[in-house]
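Please treat every number below as a calculation from the coordinates, not as lab data. What you are looking at is a predicted structure, and each value in this text was computed from that prediction instead of being measured. Here Cβ is always computed from backbone atoms with ideal geometry, including for glycine, and neighbour counts include all displayed protein chains.
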Amino acid sequence: MKYNLSYVLGALLAVPISFIAFLFSIFQLDLNFIIDMTVFAGSYVLSFLPIQWYSSRKYLKEMGLTRREFHFIRKQLNDAQPKLKRLYKNYMRVRSYSEFKNLNEVAKLARTIYNAVKQSPEKFYTVESFFYSHLDNTVNLIENYTMLQRMPNKSKEEKAKLKQTKLTIDENKRTLVADLKQLNESSYHQLDIEMELADIAKDRNNYTQAIPESTKEKVNLRKKAKKYEYEMERNDD
């Protein structure tokens, strides 16, 4: 995400500044090596922090987030990452192609939503229910289902519960589809606007090309006649 570039920018600018301060301490102040290294470290910190803070503030302003909101969203992303890994571990537990396909669709939806919010943290509040409940519920259901599905000697009641659990997982998958649709709604709206602008530009271009050449020539002749009359009047004066 763009916010991480602020750390890179801070380091790139802080290193030469601190190195110059280090050389100044060695050749001008004539201090011992330990103090010179302290000057280097101190100048690095004092130059890195304001640069990183200012550049990160610029990125946060572009996203429309406060620093507290951004750190909260990053925490939610960090909490979601191990849940996604738990979801991937179930690939080794499924026992049929249909179960593998269903699990793969769920994992793909969850990963897409996670990556979209990671790239654009301002979209978090559009799908915050995904991080609060939908992902947790889906991962727990799939883990329990794949574990119990492998157990032998299941009773009719247990098979019925597993069947109901599978239906619930399908409902959760539809919920993730709705989350992804809601996440992309603003992007599709922007796409509609761009397409409308392109159509307007195309219609304007077609209208210009549709003007007869004779009309254009008449307009040019009138302009030339007026110019000739104006020049004649100036010559008479």
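Sort 150-160, 90-100, 127-137 by packing, meaning the average of other beta carbons within 10 Å per residue, with the highest value first.
For the peptides 150-160, 90-100, 127-137, the packing ranking is 127-137, 90-100, 150-160.
Stretch MET195-ILE34 to full length: gain in nm at 0.36 nm per residue minus the Cα-Cα span? Let's see the in-between values first.
Details: separation 161, 0.36 × 161 = 57.96 nm, distance 6.35 nm.
Extra length from MET195 to ILE34 when fully extended: 51.6 nm.
Grab the beta carbon distance between ASN144 and ASN78, set R0 = 30 Å, and tell me the FRET efficiency rounded to 0.05. The partial results should precede the final answer.
Working: r = 24 Å, r/R0 = 0.82.
The calculated FRET efficiency here is 0.75.
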*Applying 1/(1 + (r/R0)^6) with R0 = 41 Å to the Cβ-Cβ distance of ARG93 and TYR125, what FRET efficiency is obtained, to the nearest 0.05?*
0.75
